[in-house]
Amino acid sequence: MTKIGLEIHCQLTHLKSKLFCSCKANYREFEINENVCPVCMGLPGSLPRLNQEAVKKATIIAMALNCSTPKKIAFFRKNYFYPDLPKNFQITQLNIYGDTSVGGKGSVIVDGKKIRITRIQLEEDPGRLIYEGSSSKNQITLVDYNRAGTPLVEIVTEPDFESPKQVRAFLNILSDLLENLGVADPGLDGAMRADANVSIEGGNKVEVKNIGSFHDLEKAVHFEITRQNSLHSRDISIIQETRHWDDKRKITVSSRSKEEDLDYRYFIEGDIPWITIDNSVLEKLKSEMPESINSKKERYISKYTIPEQVADVLSSDKFYSDLFEKSHTDSNAKEIANIITTDLMGLIDTREKREVSKMSAAHLRDLADAITSGKISRNSSKNALYEIVKTGNSLSQIISDLDLGNVSDESELTGIIQEIIISEPQAVEQAKSNPQTINYLVGKVMQKTKGKADPKLTLDLLKKLIG
Ligand SMILES: [Zn+2]
């Protein structure tokens, strides 16, 4: 049986400062090596000070993944030399003196299968290496320490996955969950990285490191299973080793370094005291936790009779469910859910498009009301929405500028219907004997008005005029 376990590193992107100093957690907005201080540069004599908010956010993640959270947490030094690690050790967590990581022994149900979470630990991110120069002879390596010390949560699973498909399903659930908790932004470049361990029946465990995105994680796991199966089918033994994911060639390559836990010479970080997390703090965090995706979905279905598939799509995306919460009322909820999932999601489907979009919750409310009251047809509403996103003008302005409004003037509509009654005598006779066929005449009115006739008024007038 194929067994896959994951170690997922997720940046806590919504924090103000780094894990042990007051430099900004959002290192992306800085020029190279401008977001640094003696602490995150590892200068002698500097002392770390733990960011309490980071502990809270990591604890929230642990609770959302059904983990138990210990009374006391501790930090350890993981010693190794690498240019992106200025202190020559990383401050991280380890369950060596009992469970002292922020969380452990949790689980998530993925496609009906229980995936166990081994532990969740809080640690600092290293800096970033930048390779420059074209050929291997000219290549130079630069180091940017802006990222050094930013808060990272590592989520370690048991080897419970059996296929890359299960891995992908888990990643989807996890990124929606982290986004919904308001702790991470999985869409940001470099915000999610992972290692995976993969083994097939009868083979040794292989660790794949250095996977830079969720997208590549599924590919790396798939590649590794195929590679191991190919060796196995040729009776070549699969050696236990560490391999690196080469994201340019999209393959795993054997890496010479084979660090074991012992090589890191872990020891307790004496500069940070053990932290006690009181029950009252845990209770407060629990009470402040945002509504879960599942609970939102159930509420959308039961309270507003939104179809399950629509509720599923809407609840799992924080951006759109927040928008829904801001714009809907009891009466227009279904219509707003419909506009968001059928039209808006296609219109602003990237981060960039969302950022430049001029649409507000009020626009969405106006649009839903206009559709419900027959002021604008569903067809024209798509054009109106496009204009709203582009210009931010009010809906009434857009309707008048682009002449998108429905023909709802009774005398104007009566005139049009009378013309159609004259030109379609056969259909009129048929509608008299079989009222259902009146839809044909409604269609003719729509054709003539380019879809802009108020549908309800059209039907009422037709019935009246046919007699
Ligand atoms: Zn700093």
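The values are calculated or read from the model by the stated rules, or taken from the named source; none is laboratory data. Since the structure is predicted, the reported quantities are computational estimates derived from the model, not experimental observations. Don't worry about glycine lacking a Cβ; one is built from the backbone with ideal geometry, like all the others, and counts go over all protein chains shown.
A few notes on this one:
- The residue that is surrounded by the most Cβ atoms within 10 Å (Cβ to Cβ), among those in region 424-436 that are among the polar types (S, T, N, Q) and more than 12 Å from residue 459 (Cα to Cα), is 430.
- Apart from one condition, residue 367 fits all of (1) modelled with pLDDT of 85 or more; (2) part of a loop (DSSP other than H, G, I, E, B); the exception is (2).
- Residue pairs whose Cβ atoms lie under 7 Å apart, sitting 6 or more positions apart in sequence or on different chains, and linking a residue in region 23-40 that is free of Cβ contacts under 8 Å to residues at least 24 places away in the same chain to a partner that is near the ligand (Cβ under 10 Å from one of its atoms) and of a type outside the set (A, V, I, L, M), are 24/17; 24/35; 37/21; 37/23; 38/46.
- Residue that is farthest from the ligand (Cβ to nearest atom), among those in region 10-68 that are of a type in the set (Gly, Ala, Ser) and outside any loop (DSSP other than H, G, I, E, B): 68
- Any hit, region 192-203, residues being farther than 26 Å from residue 124 by Cα and part of a helix (DSSP H, G or I): no
- Condition met for residue 96 (within 16 Å of residue 147 (Cα to Cα), away from the ligand (no atom under 13 Å from the Cβ), part of a loop (DSSP other than H, G, I, E, B) and over 25 Å from the mean Cα position of the chain (by Cα)): no
- Unique match (being within 16 Å of the ligand (Cβ to nearest atom), farther than 15 Å from residue 66 by Cα and among the acidic types (Asp, Glu)) among 111, 125: 125
- Residue check for residue 325: surrounded by 11 or more Cβ atoms within 10 Å (Cβ to Cβ), part of a loop (DSSP other than H, G, I, E, B) and either under 23 Å from the mean Cα position of the chain (by Cα) or at pLDDT 95 or above (or both): no
- Of note, residue 148 does not satisfy the criterion of being modelled with pLDDT under 95, crowded, with 22+ Cβ neighbours inside 10 Å and either on the phi > 0 side of the Ramachandran plot or in a loop (DSSP other than H, G, I, E, B) (or both).
- When region 145-178 is filtered for residues that are away from the ligand (no atom under 16 Å from the Cβ), hydrophobic (A, V, I, L, M, F, W, C) and touching a Cys at 6+ places or on another chain (Cβ under 9 Å), the ones remaining, listed by number, are 153, 155, 174, 178.
- When residue 87 is tested against the conditions (1) away from the ligand (no atom under 16 Å from the Cβ); (2) of a type in the set (Lys, Arg); (3) outside any strand (DSSP E or B), the lone failure is (1).
- Among the residues of region 443-456, the ones that are under 16 Å from residue 426 (Cβ atoms), surrounded by 16 or more Cβ atoms within 10 Å (Cβ to Cβ) and not basic (Lys, Arg) come to 0 in all.
- Residue, farthest from the ligand (Cβ to nearest atom), within region 129-144, restricted to residues that are of a type outside the set (Lys, Arg) and not in a strand (DSSP E or B): 135
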